[in-house]
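Nothing in this text is a laboratory measurement; each read-out follows from the coordinates by a stated rule. What you are looking at is a predicted structure, and each value in this text was computed from that prediction instead of being measured. All Cβ positions, even for glycine, are placed from backbone atoms using ideal geometry, and neighbour counts span all protein chains on display.
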Amino acid sequence: MNDASMHLRFLAACAIAREAGCLARDRFLTRDEALTLKFKGPQDYLTETDGEVERLIAGRLAEAFPDDAFFGEESGGSFGRDVWIVDPIDGTADFARGVPYFCVSIAFVRDGRAEIGVLYDPMLDELFAAQRGKGATLNGQAIKVSPIDDIRQSVVELGWSSRVAFERYAALMQRVNDLGAGIKRRGSGALGLAYVAMGRQDAYCELHINSWDAAAAVLIVEEAGGWVNDFLTEECLAKGNRVIACTPKLRAVLEKAMEE
Ligand code: IPD
């Protein structure tokens, strides 16, 4: 694939993420306050908006790039040589409960390697974007990870889901706390990673996260000068993986803390 085709995909991903995010924001602002919450499983929320936003993104991508494969959190799909990996709303639990902290995530992966990563937070109008080798941006301005190199001055977000036994998460939290880090837990792994990329926090770690939640954001962290473990393995595409993303100097201490 030549540079022009890749750049076209990058521009399309940015435009589609914005359009999809605006749809999610409209649904969020006009949702029924007395809405009946629906679940796919324990603590796993299902909203009609996830499906609606994913259909919009899938449709736009299929029109523009009919030969590319598509895999979305809600509808699944297939993994081809060129594949779009999409989470229509990362932070679904917050979205469903009326908390304005969620984003759209779109990654383009070629030969198993993320080439494009775009996240859009429609409530703050923040578009995080990266193309491999070209740096990372927030609303068009270059971003970099923080210069923090002492874990005792750091803010580390620890993601958790019911896919991992709570005891393992609690033990990780204990180890990170013992190192002296300030621990955060918010509701969107994708935004948590993007916040590492632009220095709002210094690390994001999770024992298991799905490819659609993190594929785009991991590239954004790398392109912002951060260090990330070998996240997007072949197995990760369908089954997920652990993620450690941080400022380069925190790598050794956090890799050790993530050992169980
Ligand atoms: C979840 C969020 C959460 C992370 C979980 C994800 P969803 O994705 O990113 O922060 O800790 O691992 O499953 O369900 O909001 O798309």
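See the values below:
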quantity: Matching option when the condition is in contact with a helix residue (DSSP H, G or I) (Cβ under 9 Å, 6 or more places away or on another chain), within 14 Å of the ligand (Cβ to nearest atom) and closer than 21 Å to residue 222 by Cα, among 105, 154, 146, 161; calculated: 105
quantity: Pick from the range 200-214, criterion within 20 Å of residue 155 (Cα to Cα) and among the hydrophobic types (A, V, I, L, M, F, W, C), ranking: surrounded by the most Cβ atoms within 10 Å (Cβ to Cβ); calculated: 214
quantity: Within the range 40-89, tally of residues that are of a type in the set (D, E, K, R), within 13 Å of the ligand (Cβ to nearest atom) and touching a helix residue (DSSP H, G or I) at 6+ places or on another chain (Cβ under 7 Å); calculated: 4
quantity: Residue that is nearest to residue 115 (Cα to Cα) [pool: residues in the range 185-234 that are within 14 Å of the ligand (Cβ to nearest atom) and of a type in the set (Ser, Thr, Tyr)]; calculated: 211
quantity: Residue match in the range 112-126 (condition: among the hydroxyl-bearing types (Ser, Thr, Tyr), crowded, with 24+ Cβ neighbours inside 10 Å and away from the ligand (no atom under 13 Å from the Cβ)); calculated: yes
quantity: Residue list for the range 70-93, filter: small (Gly, Ala, Ser) and crowded, with 22+ Cβ neighbours inside 10 Å; calculated: 72, 91
quantity: Search result, residues across the range 136-160 that are within 17 Å of the chain's Cα centre (by Cα) and among the small types (Gly, Ala, Ser); calculated: 136, 159
quantity: Single residue of the range 46-69 satisfying the filter (among the hydrophobic types (A, V, I, L, M, F, W, C) and surrounded by 22 or more Cβ atoms within 10 Å (Cβ to Cβ)) that is farthest from residue 12 (Cα to Cα); calculated: 53
quantity: Residue 150 being under 16 Å from residue 190 (Cα atoms) and out of contact with any strand residue (DSSP E or B) (no Cβ under 9 Å at 6 or more places or on another chain); calculated: no
quantity: Matching residues in the range 28-37 - criterion: being exposed (fewer than 13 other Cβ atoms within 10 Å of the Cβ) and touching a residue at least 24 places away in the same chain (Cβ under 8 Å); calculated: 33, 35, 37
quantity: Test: residue in the range 107-116 that is over 24 Å from residue 240 (Cβ atoms), aliphatic (A, V, I, L, M) and outside any loop (DSSP other than H, G, I, E, B); calculated: no
quantity: Which numbered condition residue 134 misses (of (1) under 25 Å from residue 233 (Cα atoms); (2) within 16 Å of the ligand (Cβ to nearest atom); (3) among the basic types (Lys, Arg)); calculated: (2)
